[in-house]
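Reviewing the structure listed below.
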Amino acid sequence: MNSSVAPILITGAGQRVGLHCAQRLLEDGHRVIFSYRSERPGVQILRDLGATAVFADFSTEAGIFAFIGELKTHADSLRAIVHNASEWLAETPDTDATAFTRMFNVHMLAPYLINLHCADLLERSSPADIVHISDDVTRKGSSRHIGYCASKAGLDNLTLSFAAKYAPGIKVNAIAPALLMFNPDDDAAYRAKALAKSALGIEPGSEVIYQSLRYLLDNPYVTGTTLTVNGGRHIK
């Protein structure tokens with residue numbers, strides 16, 4: 001591994017897709033800094049592989065700025081920022097305002113502030129990238145998860161604005177996945193129904209997101225784009 005190369009920051013990398021992408025980045029020789037909110041087994045796995053762990057609570061403005069300050073003690077430049085941290089909360093009459101605010105902070109305010117206040121770190125690397133992990137649900141909306149969908153849609157729009165703001169030095173793109181992997185307790189009926197929503201009808205796993213991330217990092221002529229990774233849901 002070449003320690004002189006600027007590290008890649010990936011947020012929310014303690015489990016599932018974020019963990020997989022962080023591991024693959026390390027395997028490909030990149031230095032990795034990652035944020036985590038809970039001490040999951042994946043956090044220690046990444047530490048053991050040589051990644052730098054930084055605690056982050058993106059649910060409040062103070063927490064976001066605390067993370068930015070701590071990040072800058074670990075790196076004076078960044079090759080890329082991958083905004084993977086995400087929050088899904090049920091929206092009930094008793095919790096809707098709190099849930100919306102929290103999801104807005106995690107999905108929009110954190111990327112917005114990190115992009116603005118860490119641009120100087122990216123500007124010291126060439127090439128440099130920002131990648132937002134959005135969600136395919138923004139394509140059609142969601143009557144049951146309005147706050148989640150709206151805040152992810154806002155992240156899509158941040159992609160356009162930051163791509164315009166930071167061109168040509170920093171490329172800014174997004175990845176919008178649909179179903180990637182089931183939870184262990186998902187029953188057969190649910191799995192069959194979910195798989196039937198896409199044209200390809202498979203459970204692809206996390207690697208397809210890493211492949212998409214690599215494409216965006218490696219291609220010098222793509223910015224302001226949201227890469228859909230949904231198995232063809234839009235043509236069903």
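Kindly work out what percent of the DSSP beta bridges joining two residues of the chain are antiparallel, to the nearest 5.
Of the beta bridges lying entirely in the chain, close to 0 percent run antiparallel.
Just add up the charged neighbours of Asp136: K/R +1, D/E -1, any other residue whose Cβ is under 14 Å from the Cβ of Asp136.
+4
If you rank Glu27, Glu70 by fewest surrounding Cβ atoms within 10 Å, what's the result?
Fewest to most other Cβ atoms nearby, the residues stand as Glu27, Glu70.
Out of residues 5 or more away from Ile33 or on other chains, whose amide H comes under 5 Å of its own, with H placed 1.01 Å from N in the peptide plane?
Close amide H contacts, sequence-distant or interchain: Ile8, Leu9, Ile10, Thr52.
Quick check: from the Cα gyration tensor, does the stretch 118-236 come out rounded (a/c under 1.5), prolate or oblate?
prolate
For Ile146 paired with Lys197, estimate the spin-label separation in nm (one decimal), with each label point 7 Å from Cα along the Cα-to-Cβ line.
Between Ile146 and Lys197, the label points sit 1.9 nm apart.
Label the stretch 1-92 by shape, choosing from rounded, prolate and oblate, from the square roots a ≥ b ≥ c of the eigenvalues of the Cα gyration tensor; if a/c is under 1.5 it is rounded, and otherwise prolate applies when a/b is larger than b/c, oblate when it is not.
Here the stretch 1-92 falls in the oblate category.
Kirkwood hydrodynamic radius (Cα pairs, Å) of the chain?
Answer for the chain: a Kirkwood hydrodynamic radius of 18.2 Å.
Could you tally up the Lys pairs in the chain with alpha carbons closer than 30 Å? Skip any pair fewer than 8 positions apart unless they're on separate chains.
Going through the chain pair by pair, I get 16.
Test of understanding: what is the full-extension gain from Asp186 to Phe65, defined as 0.36 nm times their sequence separation minus their Cα-Cα distance? Numbers along the way, then the final one.
Numbers: separation 121, 0.36 × 121 = 43.56 nm, distance 3.70 nm.
Additional length available on full extension: 39.9 nm.
Modelling each spin label as a point 7 Å along the Cα-to-Cβ direction, I'd like the Thr95/Asn219 distance in nm, to one decimal.
Those two pseudo-labels are separated by 3.8 nm.
Rule-based calculations on the coordinates, nothing more; no lab input. Everything numeric in this text was worked out from a predicted model, so none of it was measured. Glycine also receives a Cβ, built like all others from the backbone with ideal geometry; neighbour counts cover every protein chain displayed.
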